[in-house]
1. Using the per-residue mean of other Cβ atoms lying within 10 Å as a proxy for protection, in what order, highest first, do the peptides A:152-158, B:209-215 fall?
2. Taking the alpha-carbon centroid of each part, what is the distance from the range B:1-65 to the range A:1-62 in angstrom?
3. Where in the range B:90-127 is the amide nitrogen less than 13 Å from a point lying 7 Å along the Cα-to-Cβ axis of residue B:159?
4. What average count of beta carbons from other chains do you get within 10 Å of the Cβ of residues in B:76-87?
5. Compute log10 of I(q)/I(0) for the protein assembly as shown with the Debye formula, placing one identical point scatterer on every Cα and leaving out solvent, at q = 0.08 Å⁻¹, to two decimals.
6. What is the mean number of Cβ atoms from other protein chains located within 10 Å of the Cβ atom of each residue in peptide A:112-125, rounded to a whole number?
7. What number, in nm² with one decimal, is the all-direction average of the projected area of the convex hull of the alpha-carbon atoms of chain A?
8. Largest first and in whole Å, what are the equivalent-ellipsoid semi-axes of the range B:41-303 based on the Cα gyration tensor, each being the root of 5 times an eigenvalue?
Amino acid sequence: MGAPWSAAVEREARDLLTPPPLPDTVFARTADDPGLFEPDDVIWQLHAERSGVVGGLRALLLQTLHPVAMAAVSEHSAYRTDPWGRLHRTATFLAVTTYGTTSAAEATIARIRRVHDTVTGIAPNGLPYRANDPDLLAWVHATEVDSFLAAARRYGEHHYDRAAGDRYVADMATVGAALGVIDPPRTEDDLAAYLRDIRPDLHATPEAREAVRFLLNPPMPARLRPAYAVVTAASVGLLPGWARRSLLLPASPLADALVVRPVTVQVLDAMRRMLGPSPAVTAAAAATAHAGTVA
Amino acid sequence: MTRRSDLLDRALEATGPLAWTRAGRTLRRRLGAAADQAPAVDLTGRRYVVTGSTRGIGLATATHLARLGGVVTVVGRDPDRTERARRLVADATGNDEITAVAADLTDPAAARRLGDLVGPGAPLSGIVHNAGAVPPRGGATPPLGAAVGAHVLTDALQHRLGSGATIVWVSSGMQYLAASQLGGPYAATKRAEVLLARAWARRLAGRGVAVHATHPGLVDTRIAAELLGRLHEPFRPLLRSPGEAAEDLVWLLTDPDAARHSGAFWHDRRPRATDRTPGGPARVDDAAEALWDDLEIYLEAGGPQENSGSVHQGK
C-alpha cells in the first residue's frame, strides 16, 4: 500500500483532514482544572483510534434518517459549502471535550449551545425544530456514540469488550448531558433500546438521500478519492441493515469481509502514518506527563 | 368546484382508504377537487387550545397556528414533554405567546381542571381536540380514551368561546369500522368523536360556534406506526405528513364557508358521509344524543375511578 501514496497525496490529505491547531493551554490539565476525563477512561483511548473517520462518517450517514434533524442540517449547516471545515469542528469538539481541561471543554460546549440557539425552524413535514431541543440532541448523541464504538470495534487497534463499551457509553453520556441531552444512555443496552424506540420516527426523505449522496462523494482532490471510497465503504458496511436499506445503500457482506475490511485497515494505517497521532492526543499526553512530574 | 372535479372527488371517495393516502390528497388538489392553499390568514391575538400537541399532527397544528400569529395553548400528558413542545413552537415561529398545560385527557377530572387553567383573557377562537392515544384492547384505560376528556373540556370551556369560534375533533376514517367492532377501541373512540362533534354542534349553533370532526387521512405519526406495526415502514411513502394534516385542520378552523357545515365529518376540506351504511343523518343524530346521555350518566357516576387526575401548568 506504500506506492500509491506520493508526497502530493500526503500533503493534500493533511490539508483536508487536519483541523486548525488549538492552543496548548486547552490541554494543560491541572488538579484545579482536570478535564472531564482521565487517561484511564475508555473514551481517552477510543477517541485516539485510527477508526475515528469511519465512525464519524457512519454517524453522519445515520443522522440523515431523522427528518427533523435533516431539515435543521439542510437549512442551517455549512456541510455543503464547507464539508471539511464541518468535519474539523466535530473533531475539534471531541478532542477538546475528551482531552482538554474542564474549562476548555465547558467553553466549547457553551459556544455550541449558543450557536444551536439560533438554529430553529419548521421542517418540510410541518414539525418545528430547535437544535437545542433535547430530543434532537439525544439523536445526534446516540448516533455518534454508536458509530464511534462500532467503528473502533471493527477498525480500532484495541479490543473493546462489553464492559469497555458500557464505560465508553457512560463517558459519552457526560458530554451529552453537558450539551443538553436529558438522561443520555449510560450502557450499551440503553443505547440499543434508544435506537430501537426511535425507529418509527426515522425515515429516509429525499433530502436525506441527497445528503448521503453528497457525503459519499464530497468535493475533494481526485487523488484522494480512492482512499475516501474505502472509508465510505467501511462506514456503509458498519450501518445497521435497516438504515442501509432505507437509504438504498448496497449491502455486500461478502465483499465487506473479504475486501473492505482489510483494505480499510491499510488505508487507516497509511493515514495514521501520514498524519501522525492526533495533535490533541499528543498535547494531552505531554500535558499529563508534565503534570505528573510537577506532582 | 367544477362538475368534473366533483365527479373525481366522489370517485376517489369510493376508493375508501386509497383516497386517504398522500396520493389521494395530492390528486384532489391537482385536479381542483380540494382547495390547495395553505391557510395564510392573520390570526394575531386569536386564542387556540390544541390538545395532544407534543408531537405529530397536534404539534404541527400548534406550529401552524403560531406561525400565523395565534395565541396557542399546547396540551400534553407529560409536563416535561409539554414544556418541550411549547419551547419548540415558540422558538420555531418566533411567537412568544405560547403557553403549556399538562393534563391527561383520559381523566375527566383532569380535563375539567384543564378548562379552569386555560388562562383568563380574550375569548377563545378555537379548540382542537387532537389528543388520542390508541386505547389498548381490553386494557384498563377508560372506555373511549381521550374522547370523554375532550367532551368535559368542551363543557368547561364553552362559555369562553367567542362568536365565530370553531371546535374541531380530530377523528379518523377508522370510525367507519366502529359499527362492525372490527376497529377495536380505537375505532370506537374515533366514532364517539364524530358523534360528540355532532351533538355539540347542535348545542352551540345558537352561539355562533361551529363544531366539526375531521379525518386527517393516513398521516405519518406515532399512532400510524402503532396501528400499522410492521407495515409502517413499507407504507410510509403513502402517508401524509403532519404538516399536510395541520394545513387542512387550520383551514377547517379558519375558513368562513366551512363554518356553515357545523356538525359535519370532514376529509380533504369537504364534508363526508358519517356512515358507510344507509340510515341517513337522522340516525347519526339519534346515536349522538344516545352517546351524550350515556356520557352524562357515566360522568355523574364519577367516571373512571382509579385516575389521580394530575394537571400541571407550565409557563
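FYI, it's all coordinate maths here, none of it is from the lab. Please read all numbers here as calculations on a predicted model, not as lab measurements. Glycine also receives a Cβ, built like all others from the backbone with ideal geometry; neighbour counts cover every protein chain displayed.
1. Numbers: A:152-158: 19.4, B:209-215: 26.7.
In descending order of packing, they fall as B:209-215, A:152-158.
2. Value for the Cα centre distance between the two parts: 50 Å.
3. B:116
4. Values: counts 0, 0, 0, 0, 2, 1, 0, 0, 5, 2, 0, 6.
Mean shielding count: 1.
5. -0.65
6. Working: counts 0, 0, 0, 0, 0, 1, 1, 1, 7, 3, 10, 6, 2, 10.
The mean count of partner-chain Cβ atoms within 10 Å per residue comes to 3.
7. Values: hull surface 61.7 nm².
One quarter of the hull surface, i.e. the mean projection, equals 15.4 nm².
8. On the way: eigenvalues 123, 94, 72 Å².
So the equivalent ellipsoid measures 25, 22, 19 Å along its semi-axes.
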